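Engineer: After the structure tokens below, expect a handful of questions from me.
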Amino acid sequence: MPNENSENNGNNESSENSVENDGNNENGNKNKKSVNHEIMRAMGLFMQLGFTMAFCILIGFFAGRFLDGLFGTFPVLMIVFSFIGSGAAIKVMYDIVKDWE
């Protein structure tokens, strides 16, 4: 019979240790999920900023090119609207980052 008690004591200790380890693993998983969530959120922000900048400049470029075709002032409006698109991109990016915080 003493062997059974010693086995039970050993099992109780190991079950207590497993409960403690499970608690640590849960906290570790929550921290990993939190960090992964923040990384994905930051990656989404950077992608949004890149696409926003590219599309604003491209819209300005093609609008200027279209108007140059209408008025016959080939490079002038294309350059002007490209700069306007760049300014709009900077403004929109500022607003996105400001809202993100």
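What follows draws every value from the coordinates through simple rules; no lab data is involved. Remember, it's a predicted structure, so these values are computed and weren't measured experimentally.
Engineer: State the dimensionless ratio Rg/Rh of region 41-101 (Rg: radius of gyration of Cα atoms; Rh: Kirkwood radius).
Structural biologist: The Rg/Rh ratio comes out at 1.15.
Engineer: I would also like to ask the following. Taking θ = phi - 60°, what integer Hz values does the Karplus form 6.51 cos²θ - 1.76 cosθ + 1.60 yield along region 58-73, in sequence order, with x for Gly and Pro?
Structural biologist: 3J(HN,Hα) across region 58-73, in whole Hz: 5, 4, x, 4, 6, 5, x, 5, 4, 5, 4, x, 6, 9, x, 10.
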